[in-house]
């Protein structure tokens, strides 16, 4: 299965993903450039992404915990999600996301 990720420079990456992996893990492991400070514990908002409009309604609903974390994120929009809370499945094959401001790793943020 695949995820399409637009990075902070506007370049789209087609990434191989495995079922059950967090979208954040896939982005991080392919070295696309995501901060993901807490490693997927939903304890920060540094894996913030914008989900393509065609995919928003296909995602599992946001938990209260995720919604609270997004309060700490920059430039939150109606299609904002934390990529650590999105688990890959056949239903998400082809998912398209854009990395949001504040999710840049230190080397890109400087």
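Could you grab me the full set of residues in segment 57-91 that are in contact (Cβ under 8 Å) with a residue 60 or more places away in the chain and touching a helix residue (DSSP H, G or I) at 6+ places or on another chain (Cβ under 7 Å)?
Scanning segment 57-91 gives 83, 84, 85, 86, 88.
Quick check on segment 63-87: of everything there that is touching a strand residue (DSSP E or B) at 6+ places or on another chain (Cβ under 7 Å) and assigned to a loop (DSSP other than H, G, I, E, B), which residue is surrounded by the most Cβ atoms within 10 Å (Cβ to Cβ)?
86
Restricting to segment 1-35, name every residue that is closer than 10 Å to residue 99 by Cβ, part of a loop (DSSP other than H, G, I, E, B) and touching a residue at least 40 places away in the same chain (Cβ under 8 Å).
Within segment 1-35, 7, 8, 32, 33, 34, 35 meet the criteria.
Checking residue 54 against (1) out of contact with any strand residue (DSSP E or B) (no Cβ under 8 Å at 6 or more places or on another chain); (2) under 20 Å from residue 6 (Cβ atoms); (3) without any contact (Cβ under 8 Å) to a residue 60 or more places away in the chain; (4) assigned to a loop (DSSP other than H, G, I, E, B), which single condition isn't satisfied?
(1)
With the requirement that a residue be in contact with a helix residue (DSSP H, G or I) (Cβ under 6 Å, 6 or more places away or on another chain) and over 17 Å from residue 89 (Cβ atoms), what does segment 18-48 give you?
If the condition is that a residue be in contact with a helix residue (DSSP H, G or I) (Cβ under 6 Å, 6 or more places away or on another chain) and over 17 Å from residue 89 (Cβ atoms), then 33, 34, 36, 42, 45, 47 are the ones that fit.
Every read-out reported here was derived from the displayed coordinates using simple, explicitly stated rules and does not represent laboratory data. Being a predicted model, the structure only gives us computed values, none of them experimental. We place every Cβ from the backbone using ideal geometry, glycine too, and count neighbours over all the protein chains shown.
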